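Below is one structure, written out as structure tokens, with a few remarks after it.
The values are calculated or read from the model by the stated rules, or taken from the named source; none is laboratory data. Note that the structure is predicted; figures quoted are calculated from it, not measured. All Cβ positions, even for glycine, are placed from backbone atoms using ideal geometry, and neighbour counts span all protein chains on display. Just the protein is used for accessible areas: all its heavy atoms, side chains included, with ligands, DNA and RNA removed. Shrake-Rupley method; radii C 1.70, N 1.55, O 1.52, S 1.80 Å.
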Amino acid sequence: MEAKKDLRDLALFGGEPAFERPLLVGRPNIPNREALFQRINDLLERRWLTNDGPYVREFERKVADLAGVEHAVAVCNATAALELTVRA
């Protein structure tokens with residue numbers, strides 16, 4: 001595909017689209033809906049959504065493994081994460 005050189009080359013302005021289907025940033029990747037719903041139901045039945053619950057511990061372990069570090073801590077939002085980082 002040739003590089004876009006003018007606004008009219010962009011699909012938004014009538015040019016050739018770069019992708020056959022729209023490429024959405026937030027498109028969910030859920031390969032197995034049944035497994036997802038089983039985990040959600042398990043989470044709700046346990047009534048333990050956060051605060052060192054089994055799914056939080058699993059998430060932290062997987063993030064730590066992915067990052068190649070010994071520990072990872074899940075927090076509720078980026079502001080809390082930044083505050084913890086500053087205090088550390």
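Observations, loosely collected:
- Net charge of Cβ neighbours under 15 Å - reference G14; Lys, Arg +1; Asp, Glu -1: 0
- Accessible area of I30 in the full protein assembly, 1.4 Å probe (Å², nearest 10): 80 Å²
- Computed on the chain, with alpha-carbon pairs under 8 angstrom and 6+ residues apart, the relative contact order is 10 percent.
- Ordered by solvent-accessible area of protein heavy atoms (1.4 Å probe), largest first, the residues L24, L10, L66 come out as L66, L24, L10.
- Area of T50 that stays accessible when all protein chains are in place (1.4 Å probe, Å², to 10): 80 Å²
- Cα-based helix-to-principal-axis angle, 54-67 vs the chain, degrees rounded to 10: 60 degrees
- Comparing R47, R21, R33 in a Gaussian network model of the chain where C-alpha atoms under 10 Å apart are linked, the largest mean-square fluctuation is found at R21.
- Angle between the chain longest axis and helix 78-87 axis [Cα atoms, degrees, rounded to 10]: 60 degrees
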